[in-house]
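Visitor: Sending over a structure as structure tokens; questions will come in a sec.
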Amino acid sequence: MPRAGAIDGRTRAPFGWAPLVVLFIVGLVDRVEHNLLSGVLPDVQREWGFSDTAAGSIPTASALAAAVVALPAGFLADRFSRTRIITVVVFCWAIATLGSGLATGFVMFYLMRVLLAAAENIDNPAAGSLLADYYPPVSRAKAYGLTRVTTYLGGVGTLLGGVLAEAFSWRTAFLIMVVPGLLTALLVWFLREPRRGELDRLVAGGTDPAAASTATGQAATATAAGPATGPKAPFWRQFRQILSIPSLVFVCVGLSFLTLGLAGIFYWLPTLMVRDYGVSVGTAGSLSGLITVAGTLTGTLVGSWLGRKLHGTRKGGRLLAGGSGITAGSVVLAGAFAMDSVGGLTVLVLLSCSLMSIAIPNMTASLADVLPAAVRGLGFAVLQLLITAGGAFGSLVVGIASDQFGSLLTGMAVLVVPMVLGGLVTLGARASFERDALRVMEDARG
């Protein structure tokens, strides 16, 4: 953390890059653990003999539980120490992960997965709010891109799950993840809390140089004691304020449609490879994991470059890059399901993942730009709520369609349609983005 007087809104990383690294690790551990299930699912089904509908309902029940806690989590993130919230949540992950590995029956396993998902969703609003106070608008695309990319890099969990299940047992995969969960909680404990909205005020020029120097000194002092305190509007007034931001609503709805498709397709992809293409559990998990990791890294790098080129030169430039990538990637994914070889399927799904990942460094940064600092925690909670709601039913839709039509591939192909819609709705947010972002800067300028 910088010394008093060292915070400068023109610096790309006024608090350094260490907070970004820690929050990246939080997101990565979260998603790796979450994705373990898709890698070990064939073996778990074999042990307890439950249907595809029951298997598909695990992410649905988990997502619904996560949706219940999303808005309260945002409310807490705007009022209490965000670093402490994340620390407690990550510790709870580790306990729920241990319970998954030690489950003695399907019901206990099911409940542990639901508990884990609820805990995971509490940290997202706090992390989203923290990043906006650690990094100014000039570097937010990079900061949010690197943390949100963990959603896809979590494909390492699918790979890890499949390999460990084949080499040892599916339980081993969960038990091993307890250790990084505990270590991550310890890392977050040592993060210091930045002053809310300070960077926005400095960037907007709302403080004169003398006041800015005093404010930065207060910010450094406040980090040790927790967030700045002050009167907060009632919950529902803040909620209505957030819903009055057109850009946020469009992007959240678009990402909700996208997540509906991605949640179902990537959850079932390893099982599809095992059933329809005859590969082993370990190979299926490895291929699925490598697709998400390689595709995500490629798309994120391209998306960061496009975001820098288009932001400020095209109307809603970041949204143009993200929405176009989602739409094109969804169309390519439809072609992947027409392939009759696992090689063809892998190549096209990889390309699809790369295109859709262009959105990662652009979408969340755009949301941070249109959210006032005082309600960012709740704003990111709304985003997480709609994403969670969208993802809740993807795996279940595929499972039901698979049982009804006797084809897992058919159920997965159905989800391409909402993904295309997600890209188009996101593009629609461009109409209001510049106006909404300008309003935030004017409010910060005071």
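The values are calculated or read from the model by the stated rules, or taken from the named source; none is laboratory data. Treat the numbers as computed from the prediction; the structure is a model and nothing was measured. Cβ sites come from the backbone with ideal geometry, for glycine too, and all protein chains shown count toward neighbours.
Residue-by-condition table, conditions (1) in a helix (DSSP H, G or I); (2) of a type outside the set (Gly, Ala, Ser); (3) surrounded by fewer than 24 Cβ atoms within 10 Å (Cβ to Cβ):
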| residue | (1), (2), (3) |
| --- | --- |
| 264 | yes, no, no |
| 270 | yes, yes, no |
| 274 | yes, yes, yes |
| 293 | yes, yes, yes |
| 319 | yes, yes, no |
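Visitor: Those residues that are of a type outside the set (Asp, Glu) and farther than 30 Å from residue 382 by Cα, I need them from segment 37-84; list them, please.
Guide: The answer is 40, 41, 42, 44, 45, 46, 48, 49, 50, 51.
Visitor: Consider residue 66 carefully, then state whether it is within 22 Å of residue 268 (Cα to Cα), in contact (Cβ under 8 Å) with a residue 60 or more places away in the chain, in a helix (DSSP H, G or I) and small (Gly, Ala, Ser).
Guide: Yes: the conditions hold for residue 66.
Visitor: Step by step: first the residues of segment 6-48, then only those that are over 20 Å from the mean Cα position of the chain (by Cα), closer than 17 Å to residue 135 by Cβ and not aliphatic (A, V, I, L, M), then the one that is modelled with the lowest pLDDT. Which residue is that?
Guide: Going through the qualifying residues, I end up with 9.
Visitor: Still on this structure: Of the numbered conditions (1) surrounded by fewer than 20 Cβ atoms within 10 Å (Cβ to Cβ); (2) touching a helix residue (DSSP H, G or I) at 6+ places or on another chain (Cβ under 8 Å); (3) without any contact (Cβ under 8 Å) to a residue 60 or more places away in the chain, residue 438 fails exactly one; give the number of that condition.
Guide: Here residue 438 meets the rest and fails (2).
Visitor: In segment 386-407, is there at least one residue being charged (D, E, K, R), part of a helix (DSSP H, G or I), modelled with pLDDT under 85 and over 30 Å from residue 441 (Cα atoms)?
Guide: Yes, there is a match, as at least one residue in segment 386-407 is charged (D, E, K, R), part of a helix (DSSP H, G or I), modelled with pLDDT under 85 and over 30 Å from residue 441 (Cα atoms).
Visitor: Another question about this same structure. State the number of residues belonging to segment 236-262 that are in a helix (DSSP H, G or I) and touching an Asp or Glu at 6+ places or on another chain (Cβ under 8 Å).
Guide: The number of residues fulfilling the criteria is 4.
Visitor: What are the pairs with Cβ atoms under 9 angstrom where one residue, in segment 385-406, is over 30 Å from residue 125 (Cβ atoms) and the other, located anywhere, is of a type in the set (A, V, I, L, M) and crowded, with 24+ Cβ neighbours inside 10 Å? Sequence gap at least six, or different chains.
Guide: 401/412; 402/412
Visitor: Which of the residues that make up segment 299-317 are crowded, with 21+ Cβ neighbours inside 10 Å and polar (S, T, N, Q)?
Guide: Within segment 299-317, 300, 304 meet the criteria.
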